[in-house]
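Take a look at the structure below.
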Amino acid sequence: MEAYIHDWLHLLVRLLHVITAVAWIGASFYFVWLDNSLETPPKEKADKGIKGDLWAIHGGGFYEIAKYRNAPATLPKHLHWFKWEAYSTWLTGMALLIVVFYVGAQSYMIDSTKVDLTSWQAIGIGVGSLLLGFGFYEAACRTPLIKHDLAFGLVMLAFLTVMAWALSQVLGDRAAYIHIGAIIGTCMAGNVFNTIMPSQRVMVEAAAKGETPDPYYGNKAKLRSTHNNYATIPVVFIMLSNHFPITYGHEYGWLILAALILTGAWARHFFNLRHHGKTKPMILVSALAAFVVIAWLAKPAEQAAAATTDGPRVTDVQALSIIGDRCTACHSANATDDVFKVAPAGVMFDNLDQIKAMKDRILARSVHTHDMPFLNKTQMTDDERAVLGRWLEQQ
Ligand code: HEC
């Protein structure tokens, strides 16, 4: 019953997180698009201090949007700030991290074949990595490096790569990935809370007094907002990555993570350049090419695949016994695992037909990668993987 309630809680928190994140990133994409699409306003608008305008039709209504060069002469009564999208995404993200990874630390954080941590040690490493990541980013923003966009980006990438490597040495692969995503998300929400909102408050105060806001604040907010912008595609990838053992489950998962962060930020660069009037479609084409190259480089080793097919014939009884020992604790109509009481993903291995039907997925998750059994909870050996692989190839 407890596990059942936990699953519904998990579903609720995940829904809230995805919805708030869609609202946050959606608004962020919308404003980048808006800035890129503004047109020179007619004279009567330009005289009022309007720098760009745009007309749109959406959901059966006409919209007239205007962007001011500085602040409007009189401030409107209601000004929308777009901050709660960011805060609620971070809060629900932390809640999800706790509900899934920290409450279920035994199942989701600890891989005893790497380091046999206690739950509290694993949680400590996870929380510590968030604090370290956020602290590093904020400290880096206070050095002269901040003035050099490319160098700053490369230093952050190098830092995240080292963190991904370090976490992958001590935590389960999924947990290592998710914590890199959480570090980036924390820096992004931190930018909104610590820098963008306070700067905008100063600007609004100046405008209310009829003064021209000091551009220092606008520029400072703009820079952090640009950082956030480059982080959007990488962070969305990392949040989805737990569905893709081809990434986190790879021997060099930390390197794949770094390569995909770089590719995602590069793709975003296309849209940011367009903002400055430069359209370079080759950026998007090369990002797509990089994606394909990463996929090719990370493909399962040929030798491993060949090794699984040679060797003596494996009988059905042998295969059933391996699956029975290592998989059916979770993947059965009568699951006995302490955490997964209902067969995960609806996958059950109670008879030969069910097993054969999942041939490709079993090869992908237990033979070509070591992603299943989940965090190798049932301690499957490499020998058993080879034998099971050979049997599956014979089918
Ligand atoms: C401790 C519990 C546990 C054990 C033991 C376990 N699994 Fe899983 N399995 C999961 C969970 C949780 C999921 C769903 C999450 C996911 O897909 O990563 C899953 C999903 C799967 C999927 C479906 C997802 C897909 O890729 O299509 C397959 C196939 C699978 N496991 C194969 C296996 C095999 C083969 C074994 C034994 C060698 C095994 N599992 C042992 C927990 C377990």
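The values are calculated or read from the model by the stated rules, or taken from the named source; none is laboratory data. Note that the structure is predicted; figures quoted are calculated from it, not measured. Backbone-built Cβ (ideal geometry, glycine too); neighbour counts: all protein chains shown.
Contact map, segment 182-201: residues that are among the basic types (Lys, Arg) paired with residues that are outside any helix (DSSP H, G or I), Cβ distance under 8 Å, separation 6+ or inter-chain. No pairs are found. Only residues that are over 12 Å from residue 388 (Cβ atoms) and either more than 12 Å from the ligand (Cβ to nearest atom) or not in a loop (DSSP other than H, G, I, E, B) (or both) were counted in segment 316-338, giving 3.
For segment 100-128, the set of residues classified as among the aliphatic types (A, V, I, L, M), crowded, with 18+ Cβ neighbours inside 10 Å and assigned to a helix (DSSP H, G or I) consists of 100, 105, 122, 123, 125, listed by residue number. When residues in segment 105-137 are screened for being in contact with a helix residue (DSSP H, G or I) (Cβ under 7 Å, 6 or more places away or on another chain) and modelled with pLDDT of 95 or more, 10 of them pass. One residue stands out among those in segment 365-388 that are of a type in the set (A, V, I, L, M) and more than 10 Å from the ligand (Cβ to nearest atom): the one that is farthest from residue 115 (Cα to Cα), which is 387. Among the conditions (1) part of a loop (DSSP other than H, G, I, E, B); (2) touching a residue at least 12 places away in the same chain (Cβ under 8 Å), the only one that residue 36 does not satisfy is (1). Within segment 222-271, being within 15 Å of the chain's Cα centre (by Cα), small (Gly, Ala, Ser) and not in a helix (DSSP H, G or I) holds for no residue. From the list 296, 391, the lone residue that is in a helix (DSSP H, G or I), more than 10 Å from the ligand (Cβ to nearest atom) and under 20 Å from residue 245 (Cβ atoms) is 296.
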